[in-house]
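Below is one structure, written out as structure tokens, with a few remarks after it.
What follows is calculated from the coordinates using simple rules that are stated; it is not laboratory data. All of these numbers come straight from a predicted model, not from anything done at the bench.
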């Protein structure tokens, strides 16, 4: 069985105990305000066999002051990096982190972006694995033999700043902003000097995709919530954004779970938009 959105902890445990093992697990834990903390937490406790992916080293390209805080790398470069981590064309990849699966969703989307279908997020993250009473490992994992994954037609769409600027004049695209309500309305922003949101955007806080246990809500509930927010707009008219293109991927995963495939990512997000001289809106949408 292939997993392409979510996988539950017992299902992942079964895959890791299968022989031969054809699953690679990535721990994507990361804290924006303490960049080294995620790797340290990984070393202290992680899912058995998991390798570590760092948001800024492995899941981002180099920022140049104009492309946002966490720009995407070149697709071919990311495919080469995933091959170096042992990913093959036939590999089932599972991503997780230790906080709401925001960075795990970024890794999920990026693997789909380079055309890899067999990738899923561990529902509930490390907390769900621990709650299921499953074992943990300590220390770093040795990188496996090089994989054969290659760049394939993308399963993830992107939209750039120019397209969104053109859309301000009555275009069909609707931006869904994954940041907190306080950041969206311009009340506060710990990362950017200019506060607010892209004009016309609506706020879908990424944590609203989760239930009280930290797992994703059922697909039917997510669909009803997204349809209410977007007034039933077609998925190919939706663009997800956030601070730097990370939690926006959480909304893309939620849309996929809801059966609303086809939305695009604005990779630069607010960190690019707010520093480009583009129009800014504040207050509720």
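In whole angstrom, how long is each semi-axis of the equivalent ellipsoid of the stretch 123-162, when you take the square root of 5 times every eigenvalue of its Cα gyration tensor and sort them from largest down?
Ellipsoid semi-axes (Å, largest first): 33, 21, 11.
Using alpha carbons only, how many degrees (0 to 90, rounded to 10) separate the axis of helix 102-113 from the longest principal axis of the chain?
Taking Cα atoms only, the helix is inclined about 90 degrees.
Name the shape class, rounded, prolate or oblate, that the alpha-carbon gyration tensor gives for the stretch 82-207, where a ≥ b ≥ c are the square roots of its eigenvalues, rounded holds for a/c under 1.5, and otherwise prolate holds if a/b is larger than b/c and oblate otherwise.
oblate
What's the center-to-center distance, using Cα atoms, between the stretch 236-254 and the stretch 1-43 in Å?
Their Cα centres are 21 Å away from one another.
Bin width 10 Å, alpha-carbon pairs only: give the P(r) of the chain as whole percents, running from 0 to the bin holding the largest distance.
The calculated distribution, bin by bin, is 7, 30, 36, 21, 6, 0.
Let's test this: bin the Cα-Cα distances of the stretch 6-131 at 10 Å from zero up to the farthest pair and state each bin's percent.
That works out to 13, 46, 33, 7, 1, in percent per bin.
Based on DSSP H runs of at least 4 residues, each adding -39500 (n - 2.57), what is the mean residue ellipticity at 222 nm of the chain after dividing by all its residues, to the nearest 500 deg cm²/dmol?
Rounded to the nearest 500, the figure is -8000 deg cm²/dmol.
How much length, in nm to one decimal, is gained on full extension between residue 31 and residue 194, taken as 0.36 nm per residue of separation minus their Cα-Cα distance?
56.5 nm
So how much slack lies between residue 56 and residue 22, counting 0.36 nm per residue of separation and subtracting their Cα-Cα distance, in nm?
9.6 nm
If I take every Cα pair under 8 Å that is 6 or more residues apart in the stretch 1-155, average their sequence separation and divide by the length, what percent do I get for the relative contact order? List each step's numbers first, then the result.
Details: 289 pairs, mean separation 52.2, N = 155.
Relative contact order of the stretch 1-155: 34 percent.
When DSSP beta bridges are limited to those with both residues in the chain, what percentage is antiparallel, rounded to the nearest 5?
Around 10 percent antiparallel, to the nearest 5.
For the stretch 157-273, compute Rh as the Kirkwood radius over C-alpha pairs and then the Stokes-Einstein diffusion coefficient at 4 °C and 1.567 mPa s; write the answer in µm²/s, rounded to an integer.
Result for D is 92 µm²/s.
Given the options 190, 172, 199, which has the most mean-square fluctuation in a GNM of the chain, springs set between C-alpha atoms less than 10 angstrom apart?
Residue with maximal mean-square fluctuation among 190, 172, 199: 190.
In degrees from 0 to 90, rounded to the nearest 10, what is the angle of the helix 75-84 Cα long axis to the longest principal axis of the chain?
That helix lies at roughly 20 degrees to the long axis.
Any chance you could run the full-extension gain for residue 143 through residue 227? It's 0.36 nm times the residue separation minus the Cα-Cα distance, nm to one decimal.
Extra length from residue 143 to residue 227 when fully extended: 26.0 nm.
Express the relative contact order of the chain as a whole percentage, based on alpha carbon pairs under 8 Å and six or more residues apart in sequence.
The normalised contact order for the chain reaches 22 percent.
Taking the Cα atoms only, what angle lies between the long axis of helix 247-257 and the longest principal axis of the chain, rounded to 10 degrees?
The angle comes out near 70 degrees.
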